[in-house]
Each structure stands twice: as C-alpha cells, then as structure tokens.
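Worksheet for the structure shown next.
The values are calculated or read from the model by the stated rules, or taken from the named source; none is laboratory data. Because the structure is a prediction, the values reported are computed rather than measured. When we count neighbours, we look across all protein chains shown, and the Cβ atoms used for this are built from the backbone with ideal geometry, even at glycine. Accessible surface areas use protein heavy atoms only, side chains included; no ligands, DNA or RNA. Shrake-Rupley method; radii C 1.70, N 1.55, O 1.52, S 1.80 Å.
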Amino acid sequence: PTHQGSFDLASLFPLPNTTILAPSSASELEKMIQWALIHASGPTFIRYPKTTAQNHSYPDPIAMGKCYLTTRQSPIHLVFLGPFYETAKEVQANLYAEGIESNLIDARFAKPFSIEDATELSAGCRLMVTLEDGVITGGFGQYLQALIRQHAVHPCRILTLGIRYPLLKQMKRERLLE
C-alpha cells in the first residue's frame, strides 16, 4: 500500500513550510512545475497519479494555495484533489439527474490551502464533499476540515472520501479506490 502513494499526504502535512500540489491533468502538471520553479520558497512536492493524465485545462494561472472553482451555483461543493476531475464531474452529473446542483472545485494545493478560499467556500455551504486518493486519517479532507473549523465564520458539514485505513494488502490502484 505504501507504494500506491496512499500515505504521502498524511506523512507530508506535518512538515513545516512545505507546499504540496496535486495536478488534475497534464496541463495542470505543466503549470505547477513552472510555478514551483519560479515561486516555491521551500520544500515543494508535486503529486502525480500512476494512471494516464486527464486532458483538461483551466484558464487561470496557479497561485499559492488557491483552488479553482470550475462551477459556482450551489451550497453543495465537490472538492477534489488530484486525478478526480472526471470522477467529480460524474458525481456532479448524477446529483444533477436527481435535481441536486453542486459546485466542482479543483483544490490544486493540498497544502497550503488558502484560508480565504476555505472561508469563502464555507459561507453558505450546506455540504462539502472532499475526494482524494490518500488515506482519510491525516489526509487532505481532515486538513481542510481543521482549516475551516479554525478560520471560517460559517460552519459547513464535510464528508471526506478517500482510502479507509488499514489497508490489508497490495492491490491495483483502481481496486484500492473502489
């Protein structure tokens, strides 16, 4: 399980002054590498999936800690980290088919996540669902929950989806994420 990258975020979050980026596509990976070469001022980690990179791009440049809101129409947020753009879009489409609108948000940064973005997202939020490919304990969803709890004026219910711990054996990535 450790070779799947399941524990990297939980291991890296406690390290001081680190930046952790998680591209959702090949073009985002390119932008993040360029950004890191120019703007990074400390240890910087760029996560990338073992699978084929997805093929989408955003017009906005990378900015320290800032997420990218692909849609903004609802008090329900789907916040994904890394290679979950297509999965998040599928969830959004399924919710829409049930008459539920939601916002799609690419976190871009696992750490730091902008306090401004966290407080803005929690304002008027009924539910925030985080999607990540790491373990839930000590992962991105818990980090975002703590950030919102500490800084946001408006509480927001958060559901964290990721890999449940403990893992029992080595397995294919697709099976691990089921």
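Observations, loosely collected:
- Filtered residues of segment 46-74 (kept if within 19 Å of LEU131 (Cβ to Cβ) and without any contact (Cβ under 8 Å) to a residue 12 or more places away in the chain): THR52
- Checking each residue in segment 24-46 for being buried (at least 17 other Cβ atoms within 10 Å of the Cβ), in a loop (DSSP other than H, G, I, E, B) and touching a strand residue (DSSP E or B) at 6+ places or on another chain (Cβ under 7 Å) picks out only SER24.
- Exactly one residue out of ALA123, ALA110, ALA118, ALA40 is under 17 Å from ILE163 (Cβ atoms) and among the small types (Gly, Ala, Ser), and it is ALA110.
- Meets criteria (open to solvent by 40 Å² or more (accessible area, probe 1.4 Å), at pLDDT below 95, over 16 Å from the mean Cα position of the chain (by Cα) and not basic (Lys, Arg)) for ASN55: yes
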